[in-house]
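Below is one structure, written out as structure tokens; the observations come after it.
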Amino acid sequence: MSVYLKSKLSDKTITALTNYQGTASDPNPLQTALAQDFNNLGTNSIYDAGRFTNVVLRAGTKRLLNQNPQGEALLRLNRLLLEDAYPAELAKSAVTGWVVKNGSMASTGVGRGVIYTAKDYTRYRLSFTMRHVSGDPDHQACVLIFCTRPQGDEKPLDALGGIQFQPPNGGHWDYRPGKNNNGGALFTPITKTRFDAHQWSRVEIVADASTGTARMSVAQPPGSDAVEVLAFQDATAGRPGPIAWQIHNPGLFDEYKDVRIEPLS
């Protein structure tokens, strides 16, 4: 691995390495040169079976490697591979479930979890543009309403104990404690759609926690006429709380943009 990395270093970096005299030198020129060279590795995976023969890969590294990632995910894969190859020299990077990518809030596929709003909402219109990029294992994109906000350092409820809508085609789930089921008759399919989840859709959810009701409509492509897809009603489910975007399982890549939350009087 070290031989391979050395072959990728620029003349500038080789010079910086040659001139570096440990604690007697300013580390910034060498650090900058190394960072630039390693960033340039991002167009291709640095993994090769022979190169990593004696390297123990973490489960998260293996999972991402098997997905043949591109773009930001590929950059993260190379970072994880370097960390695994040099466990004593490189600090482990923080697990980041979401990044901003091309103006979108994009999941990184690292694990199950949620990202949720800083504020709580009771009656509101939520709209956003989304697409499901890929999954291994696969699952539809998920949005959660009527969620329970964790207090202090307490462990959050799974999926924040919320009601799940799966855009664009209307899958659903009830994550309230004691439930954890598909919700049955609490959800009403309005229109049976066959939207392509991998294409951009404009989604609108109108929710009222005071009555425990919510309805979702979808337009594909964005700007076309919307179709009402799914409704939910259960007065006991309604609660003021955060709105959340859920990654159902590791290996999922979803993107959301143009998010708007409009409180309703």
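The values are calculated or read from the model by the stated rules, or taken from the named source; none is laboratory data. Just so you know, these numbers come straight off a predicted model, no measurement behind them. In this analysis, Cβ positions are derived from the backbone assuming ideal geometry, glycine residues included, and neighbour counts consider all displayed protein chains. These accessible areas exclude ligands, DNA and RNA; they are computed on the full protein's heavy atoms, side chains included. Shrake-Rupley method; radii C 1.70, N 1.55, O 1.52, S 1.80 Å.
When the residues of the stretch 60-83 are narrowed to those that are aliphatic (A, V, I, L, M) and free of Cβ contacts under 8 Å to residues at least 24 places away in the same chain, which ends up most open to solvent (accessible area, probe 1.4 Å)? Steps first, please.
Looking only at the stretch 60-83, we keep the residues that are aliphatic (A, V, I, L, M), and these are 64-65, 73-75, 77, 80-82.
When the remaining residues are screened for being free of Cβ contacts under 8 Å to residues at least 24 places away in the same chain, the result is 65, 80.
Values: Leu65: 41, Leu80: 14 Å².
Per the stated criteria, the residue is Leu65.
Criterion first (over 23 Å from Thr117 (Cβ atoms), open to solvent by less than 60 Å² (accessible area, probe 1.4 Å) and at pLDDT 95 or above) does Gln220 satisfy it?
Working: over 23 Å from Thr117 (Cβ atoms): yes; open to solvent by less than 60 Å² (accessible area, probe 1.4 Å): yes; at pLDDT 95 or above: yes.
Here the answer is yes, as Gln220 does meet what is asked.
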Q. In the stretch 84-116, what count of residues is obtained for those that are in contact (Cβ under 8 Å) with a residue 60 or more places away in the chain, among the β-branched types (Val, Ile, Thr) and surrounded by fewer than 17 Cβ atoms within 10 Å (Cβ to Cβ)?
A. 1
Q) Which of (1) within 30 Å of Pro137 (Cα to Cα); (2) at pLDDT below 85; (3) among the charged types (D, E, K, R) is the odd one out, the single condition Asp26 does not satisfy? A) (1)
Q | the stretch 1-29 residues that are within 17 Å of Tyr86 (Cα to Cα) and open to solvent by less than 90 Å² (accessible area, probe 1.4 Å), paired with ones that are of a type in the set (D, E, K, R) and part of a loop (DSSP other than H, G, I, E, B) (beta carbon under 8 Å, 6 or more apart) | A | Met1/Arg51; Tyr4/Asp48; Tyr4/Arg51
Q: Determine which single condition Leu57 fails, assuming it passes every other condition in (1) without any contact (Cβ under 8 Å) to a residue 60 or more places away in the chain; (2) open to solvent by 80 Å² or more (accessible area, probe 1.4 Å); (3) in contact with an Asp or Glu (Cβ under 8 Å, 6 or more places away or on another chain).
A: (2)
**Q.** Hits in the stretch 33-47 (condition: open to solvent by 70 Å² or more (accessible area, probe 1.4 Å) and over 11 Å from Ala85 (Cβ atoms))
**A.** Gln36, Phe38, Asn39, Asn40, Thr43, Asn44
Q) Between a first residue in the stretch 119-142 that is surrounded by 15 or more Cβ atoms within 10 Å (Cβ to Cβ) and a second residue that is at pLDDT below 95 and of a type in the set (S, T, N, Q), which pairs have beta carbons less than 8 Å apart while being 6 or more apart in sequence or on different chains? A) Arg123/Ser265; Ser134/Gln67; Gly135/Asn249; Asp136/Asn66; Asp136/Gln67; His139/Asn249
